[in-house]
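First the structure, in the form of structure tokens, and then the observations on it.
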Amino acid sequence: MTIRDISEILSAEIICGEEKLEKEVYNAFGSDMMSDVLAFVKDQSLLITGLCNPQVIRTAEMMDISCVCFVRGKTPETAMVELARERGIVLMTTEIRMFTACGVLYEKGLRGGADQCL
């Protein structure tokens, strides 16, 4: 599934990274706790979160996450958008809640990864 597919499925607005919409996404992880992302994410290319602070971008960079989708209508500040742009991370936002976003994407075939225990 591509980042464009995800944005369409979630009715998400692309904030930055429009040039990477055709990038393939194979796995996803949903969490508002960046410590869980650091502890459990392995090869996920999409992070679904309602946390909206610079730590999200820093965590995504450390874990090689190529796309972050903010749920519940959260929108990052300009400094976060610039940091994501510099790091090549796609940002998008959707009004959908996290549980629903994860469920819809799972239903469409996007998985979390075999090693995940959460």
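Checking each residue in the stretch 63-93 for being small (Gly, Ala, Ser) and assigned to a helix (DSSP H, G or I) picks out Ala79, Ala84. The condition of being out of contact with any helix residue (DSSP H, G or I) (no Cβ under 8 Å at 6 or more places or on another chain), of a type outside the set (Gly, Ala, Ser) and in contact (Cβ under 8 Å) with a residue 40 or more places away in the chain holds for only one of Thr75, Thr49, that being Thr75. The set of residues in the stretch 31-62 being among the aliphatic types (A, V, I, L, M), more than 19 Å from Val81 (Cβ to Cβ) and not in a helix (DSSP H, G or I) consists of Met33, Val41. Answer yes or no: is there a residue in the stretch 22-32 that is open to solvent by 60 Å² or more (accessible area, probe 1.4 Å), hydroxyl-bearing (Ser, Thr, Tyr) and at pLDDT below 95. Among the residues of the stretch 22-32, at least one is open to solvent by 60 Å² or more (accessible area, probe 1.4 Å), hydroxyl-bearing (Ser, Thr, Tyr) and at pLDDT below 95, which makes the answer yes.
Residues that are over 16 Å from Ala101 (Cα atoms) and either under 11 Å from the mean Cα position of the chain (by Cα) or surrounded by fewer than 19 Cβ atoms within 10 Å (Cβ to Cβ) (or both) are absent from the stretch 3-12. Here Glu82 clears all of (1) surrounded by 13 or more Cβ atoms within 10 Å (Cβ to Cβ); (2) of a type in the set (Asp, Glu); (3) within 23 Å of Asp5 (Cα to Cα) except the condition numbered (3). Of the residues making up the stretch 64-73, those that are under 14 Å from Gly88 (Cβ atoms) and surrounded by 18 or more Cβ atoms within 10 Å (Cβ to Cβ) are Ile65, Ser66, Cys67, Val68.
Here Thr59 meets each of (1) more than 16 Å from Ser7 (Cβ to Cβ); (2) open to solvent by 40 Å² or more (accessible area, probe 1.4 Å) with one exception, condition (2). Of the residues making up the stretch 13-59, just one is hydroxyl-bearing (Ser, Thr, Tyr) and over 19 Å from Met98 (Cβ atoms), namely Tyr26.
Pairs meeting the criteria (first residue in the stretch 13-33 and more than 16 Å from Thr78 (Cα to Cα), second residue assigned to a strand (DSSP E or B) and open to solvent by 70 Å² or more (accessible area, probe 1.4 Å), beta carbons under 7 Å, at least 6 apart or on different chains) are Asn27/Arg111. If you check Leu47 against the conditions, is it hydrophobic (A, V, I, L, M, F, W, C), at pLDDT 95 or above, touching a Phe, Trp or Tyr at 6+ places or on another chain (Cβ under 9 Å) and surrounded by 13 or more Cβ atoms within 10 Å (Cβ to Cβ)? Yes.
The values are calculated or read from the model by the stated rules, or taken from the named source; none is laboratory data. Since the model is a prediction, treat every value here as computed from it, not as a measurement. Backbone-built Cβ (ideal geometry, glycine too); neighbour counts: all protein chains shown. Only protein heavy atoms, including side chains, enter the accessible area calculation; ligands, DNA and RNA are left aside. Shrake-Rupley method; radii C 1.70, N 1.55, O 1.52, S 1.80 Å.
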